[in-house]
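Engineer: Could you have a look at this structure, given as structure tokens, before my questions?
The values are calculated or read from the model by the stated rules, or taken from the named source; none is laboratory data. Everything numeric here is computed off the predicted structure, so don't read it as measured data. Positions of Cβ are backbone-derived with ideal geometry, glycine not excepted, and every protein chain shown enters the neighbour counts.
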Amino acid sequence: MTIADLRRQNLILFEAVSGSRAYGTNLPHSDTDLKGVFVLPEDQFFGLDYVPQIANETNDEVFYELRRFVELLLKNNPTALELLGTPADCIVYQHPLFAQFQAENFLSKLCRQSFAEYAVAQIRKAKGLNKKINHPEPPARKSVLDFCYVTVGAGAQPVAGWLARHGYEAAQCGLANVPHLTDLYALFVDATPEQRHGYRGLVRDAETSQDVQLSAVPRGEQPVAYLSFNRNGYSTFCRVFREYWEWVAKRNAERYQNTVNHGKNYDAKNMLHVFRLLQMAGEIAETRQLSVRRPNREFLLQIRRGEFDYETLVAEAEQLVSRVEAAFAASALPEAPDKEAAEQVLRRVRQAFYETARSEEYRSA
């Protein structure tokens, strides 16, 4: 089933322009996102193939099935709640039955988690992006040997430098476990001209190996030093390196270029949403009202244009988080929406929708 099928079969309960155009923070080149609610055909709803939501290929048009929509409302999901607060100029279509869903019947203290904690996650994301921009990973991946150090007196040296200073090749070296000591190895060097000991080197392949390599050491051989493999450091590097280059491959080119252009090294659109979500959360706690169209458009657009320093915005956002937490602690909102009342509305709307559909089919027959 596609969105075109929903339109053709008159299954849509509600359709609206969402995102920046609903918030009032859109720019001339902003995309037009659509969100909506639909009702599955009656025979399909009672069958096995329940469809919770339908989206287009770019995911900028998303429609939720009625049951899924109510489930999201009961969780105080911001996307679902914002549909109930859609400004009039953004409503594309509204079935008369949809009026039975009102935001004030669903707002609760769960909004602290769904709005404010999501905003906190966005702050962390912004910090991570700041780090990626200011501390890019090199294109060449480090190897296991870059995390290996050889004991020298009371200190240690990187293994590559130690080998070079002593005129050794990694291939003539062998490693053996040191009992009771994790990631510490006795390092042996085969100094015989023909390398008759047959040591296997430090790693199997310097570029692809994920671990050091052990060798069989003849009895009586003495280690020339001890090698420590910083396994945790190597594991952390691999994760950060992978995440960085996955981010490079998947990042939104336009948003990244905007970040580069304003020179403040944070995703401005991401930070805009941090403040929008926190401000909405505070309003919900204090007024028990949901205001999707933002009254401080210019301030939010200043954030989007990168007119504030990153550190300043993060500090202000963290202060706003504290105020939101206090507002919810003092709020008279219920702890959670009334599930039983929501289910009654769900049943009533679905039954009425199906009855109307059957009547129209009867009249057209």
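Engineer: Could you go through region 191-213 and let me know if any residue there is in contact with an Asp or Glu (Cβ under 8 Å, 6 or more places away or on another chain), farther than 21 Å from Asn232 by Cβ, in a loop (DSSP other than H, G, I, E, B) and of a type in the set (Lys, Arg).
Structural biologist: Yes, that holds for at least one residue.
Engineer: Given the residues Glu316, Glu360, Glu307, Glu335, which is the only one that is out of contact with any His (no Cβ under 7 Å at 6 or more places or on another chain), modelled with pLDDT under 95, in a loop (DSSP other than H, G, I, E, B) and of a type in the set (D, E, K, R)? Walk me through how you get there before you give the answer.
Structural biologist: Numbers: Glu316 fails: in a loop (DSSP other than H, G, I, E, B); Glu360 fails: in a loop (DSSP other than H, G, I, E, B); Glu335 fails: modelled with pLDDT under 95.
Result: Glu307 is the single residue among Glu316, Glu360, Glu307, Glu335 that is out of contact with any His (no Cβ under 7 Å at 6 or more places or on another chain), modelled with pLDDT under 95, in a loop (DSSP other than H, G, I, E, B) and of a type in the set (D, E, K, R).
Engineer: So how many residues does region 199-238 have that are buried (at least 17 other Cβ atoms within 10 Å of the Cβ), of a type in the set (Gly, Ala, Ser) and under 23 Å from Pro138 (Cβ atoms)?
Structural biologist: Residues meeting the conditions: 0.
Engineer: Since Ser114 meets every condition but one in (1) touching a Lys or Arg at 6+ places or on another chain (Cβ under 9 Å); (2) assigned by TED's automatic domain parsing to the domain that holds Leu13, which condition does it not meet?
Structural biologist: (2)
Engineer: Now a separate question. Considering every residue within region 39-49, establish whether at least one is surrounded by fewer than 18 Cβ atoms within 10 Å (Cβ to Cβ) and either closer than 27 Å to Phe115 by Cβ or aliphatic (A, V, I, L, M) (or both).
Structural biologist: Initial filter on region 39-49 (surrounded by fewer than 18 Cβ atoms within 10 Å (Cβ to Cβ)): 41-49.
Those still in the list that are either closer than 27 Å to Phe115 by Cβ or aliphatic (A, V, I, L, M) (or both) too: 48.
Looking for residues that are surrounded by fewer than 18 Cβ atoms within 10 Å (Cβ to Cβ) and either closer than 27 Å to Phe115 by Cβ or aliphatic (A, V, I, L, M) (or both), one finds at least one in region 39-49, hence yes.
Engineer: Follow-up. Residues of region 56-74 being hydrophobic (A, V, I, L, M, F, W, C) and without any contact (Cβ under 8 Å) to a residue 24 or more places away in the chain, which ones?
Structural biologist: Leu72 - this is the single residue of region 56-74 that is hydrophobic (A, V, I, L, M, F, W, C) and without any contact (Cβ under 8 Å) to a residue 24 or more places away in the chain.
Engineer: Another question, then. Check off (1) at pLDDT below 95; (2) surrounded by 11 or more Cβ atoms within 10 Å (Cβ to Cβ) for Ala191 and give me the number that stays unchecked.
Structural biologist: Result: Ala191 passes all but (2).
Engineer: When you go through (1) aliphatic (A, V, I, L, M); (2) surrounded by fewer than 18 Cβ atoms within 10 Å (Cβ to Cβ); (3) farther than 18 Å from Tyr234 by Cβ one by one for Ala186, which number turns out not to apply?
Structural biologist: (2)
Engineer: Being modelled with pLDDT under 95 and assigned to a loop (DSSP other than H, G, I, E, B) is the filter here, so list the residues in region 11-23 that pass it.
Structural biologist: Listed by number, the list holds a single entry, Gly19.
Engineer: Which one of these does Asp60 not meet: (1) modelled with pLDDT under 95; (2) in contact with a helix residue (DSSP H, G or I) (Cβ under 9 Å, 6 or more places away or on another chain); (3) among the charged types (D, E, K, R)?
Structural biologist: In the conditions (1) modelled with pLDDT under 95; (2) in contact with a helix residue (DSSP H, G or I) (Cβ under 9 Å, 6 or more places away or on another chain); (3) among the charged types (D, E, K, R), Asp60 misses (2) alone.
Engineer: In addition: Of all residues in region 327-346, count the ones that are within 18 Å of Leu74 (Cα to Cα), without any contact (Cβ under 8 Å) to a residue 40 or more places away in the chain and loosely packed, with under 11 Cβ neighbours inside 10 Å.
Structural biologist: Selection size over region 327-346: 1.
Engineer: Where in region 28-125 are the helices (runs of 4 or more DSSP H), entirely inside, with at least 3 residues that are within 22 Å of the chain's Cα centre (by Cα)?
Structural biologist: Filter on region 28-125 gives 66-74, 78-84.
Rundown of residues vs (1) at pLDDT 95 or above; (2) part of a loop (DSSP other than H, G, I, E, B); (3) over 24 Å from Arg124 (Cα atoms); (4) not aliphatic (A, V, I, L, M), yes/no style:
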{"position": "Lys264", "(1), (2), (3), (4)": "no, yes, no, yes"}
{"position": "Lys269", "(1), (2), (3), (4)": "no, no, no, yes"}
{"position": "His273", "(1), (2), (3), (4)": "no, no, no, yes"}
{"position": "Gly282", "(1), (2), (3), (4)": "yes, no, no, yes"}
{"position": "Leu290", "(1), (2), (3), (4)": "yes, yes, yes, no"}
{"position": "Arg294", "(1), (2), (3), (4)": "yes, yes, no, yes"}
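Engineer: How about region 167-183: which of its residues are farther than 13 Å from Arg204 by Cα and among the polar types (S, T, N, Q)? I'd like the intermediate steps shown before the answer.
Structural biologist: Residues of region 167-183 that are farther than 13 Å from Arg204 by Cα, as a first pass: 167-169, 176-183.
The answer is Asn177, Thr182.
Engineer: Applying the selection to region 164-190, what residues are outside any loop (DSSP other than H, G, I, E, B), touching a residue at least 24 places away in the same chain (Cβ under 8 Å) and among the hydrophobic types (A, V, I, L, M, F, W, C)?
Structural biologist: Result: Ala170, Ala171, Cys173, Leu175, Ala176, Leu184, Ala186, Leu187, Phe188, Val189.
Engineer: Which of the residues belonging to region 347-364 are of a type in the set (Gly, Ala, Ser) and touching a residue at least 24 places away in the same chain (Cβ under 8 Å)?
Structural biologist: Once the filter is applied, which keeps residues that are of a type in the set (Gly, Ala, Ser) and touching a residue at least 24 places away in the same chain (Cβ under 8 Å), region 347-364 yields Ala352, Ala357.
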